Amino acid sequence: MSDVQSLDALIDALRRLPGVGIKSAQRMAFHLLQRDLDGARQLAQALSRAVDSVRHCERCHTFTEAPVCSICEDEGRDAARLCVVEAPADLAAMERTGAYQGYYYVLMGRLSPLDGVGPKDLGLSQLLARACDGRVQEVILATSFTAEGEATAHAISEALKARGLHVTRLARGVPIGSELEYVDLGTIAHALVDRR
């Protein structure tokens, strides 16, 4: 048995983060314990506070400390539009653009049968109830353009269209500032199909 069980536990905990392998976890743990004890304490306290106080918004399912997040409480937003995203990070990215002023629904994932994630796991029934509240006129699907994201968008689109709602999907195409010869063929093909 190791005589530094706390260090091993810290390394194992850091390995739970996405993209962090054993060497990165060791490097982070050694840095915090060797060079930044104040940072380590601050990280531990912030993580503990967040775990105890952060929850899901009752309306959109994003992270918040209140029962309803500040976006859902903002009556100045466009109630006729509801943007569906996969994760709180996607909501934050949409907000940073300043181009969208409607409300959101955060799925907290995407359909992935191989990983055992189905419609019930994403709360699709809650999304349908929210979208059919009588105020929403357009649902914008902003899931990622992966196979799982496309399957999720398709399933949601079919369910919403069956209820008579107008459903749109984020456009995809050639990135601004790129040169066509360097763009992958799939992106060019989609941009050509989705041209306007």
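The values are calculated or read from the model by the stated rules, or taken from the named source; none is laboratory data. All figures in this text were calculated on a predicted structure; none of them were measured in a lab. So basically every Cβ, Gly included, is an ideal-geometry build from the backbone, and we count neighbours across all protein chains shown. Calculation scope for accessible area: heavy atoms of the full protein, side chains included, ligands and nucleic acids excluded. Shrake-Rupley method; radii C 1.70, N 1.55, O 1.52, S 1.80 Å.
Residues that are open to solvent by 40 Å² or more (accessible area, probe 1.4 Å) and in contact with a Cys (Cβ under 6 Å, 6 or more places away or on another chain) are absent from the stretch 126-146 altogether.
Matching residues to (1) of a type outside the set (F, W, Y); (2) over 21 Å from H166 (Cα atoms); (3) within 17 Å of the chain's Cα centre (by Cα):
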{"position": "D52", "(1), (2), (3)": "yes, yes, no"}
{"position": "R55", "(1), (2), (3)": "yes, yes, yes"}
{"position": "E73", "(1), (2), (3)": "yes, yes, no"}
{"position": "A79", "(1), (2), (3)": "yes, no, no"}
{"position": "P88", "(1), (2), (3)": "yes, yes, yes"}
{"position": "Y100", "(1), (2), (3)": "no, no, yes"}
{"position": "Y103", "(1), (2), (3)": "no, no, yes"}
{"position": "P119", "(1), (2), (3)": "yes, no, yes"}
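Contact map, the stretch 133-151: first residue assigned to a strand (DSSP E or B), second residue surrounded by fewer than 15 Cβ atoms within 10 Å (Cβ to Cβ) and polar (S, T, N, Q), Cβ cut-off under 9 Å, separation 6 or more or different chains; pairs are E138/T168; V139/T168; I140/T168; L141/T168. Evaluated against (1) hydroxyl-bearing (S, T, Y); (2) open to solvent by less than 80 Å² (accessible area, probe 1.4 Å); (3) closer than 22 Å to A153 by Cα, S53 falls short on exactly one condition, (3). Residues in the stretch 60-93 that are in contact (Cβ under 8 Å) with a residue 24 or more places away in the chain and assigned to a strand (DSSP E or B): F63, D78, A79, A80, R81, L82, C83, V84, V85.
Quick check on my filter: what residues within the stretch 19-54 are outside any helix (DSSP H, G or I) and closer than 28 Å to P67 by Cα? The answer is V54, and nothing else. One residue stands out in the stretch 170-184 among those that are loosely packed, with under 10 Cβ neighbours inside 10 Å and farther than 22 Å from T143 by Cβ: the one that is nearest to the chain's Cα centre (by Cα), namely G177. With the structure loaded, tell me whether R163 is of a type outside the set (F, W, Y), under 28 Å from P113 (Cα atoms) and within 21 Å of the chain's Cα centre (by Cα) or whether it fails that test. Spelling it out, it is not the case that R163 is of a type outside the set (F, W, Y), under 28 Å from P113 (Cα atoms) and within 21 Å of the chain's Cα centre (by Cα). Of the candidates R110, R96, the single residue that is open to solvent by 70 Å² or more (accessible area, probe 1.4 Å) and touching a residue at least 40 places away in the same chain (Cβ under 8 Å) is R110. Taking the criterion of being small (G, A, S) and either surrounded by 10 or more Cβ atoms within 10 Å (Cβ to Cβ) or within 14 Å of A44 (Cβ to Cβ) (or both), the residues of the stretch 2-20 that qualify are S6, A9, A13.
Residue under question is I188, and the condition is that it be surrounded by 11 or more Cβ atoms within 10 Å (Cβ to Cβ) and either closer than 19 Å to R81 by Cβ or free of Cβ contacts under 8 Å to residues at least 60 places away in the same chain (or both); does it hold? Even if it seems obvious, please write down each step before you answer.
Values: surrounded by 11 or more Cβ atoms within 10 Å (Cβ to Cβ): yes; either closer than 19 Å to R81 by Cβ or free of Cβ contacts under 8 Å to residues at least 60 places away in the same chain (or both): yes.
Yes, satisfied.
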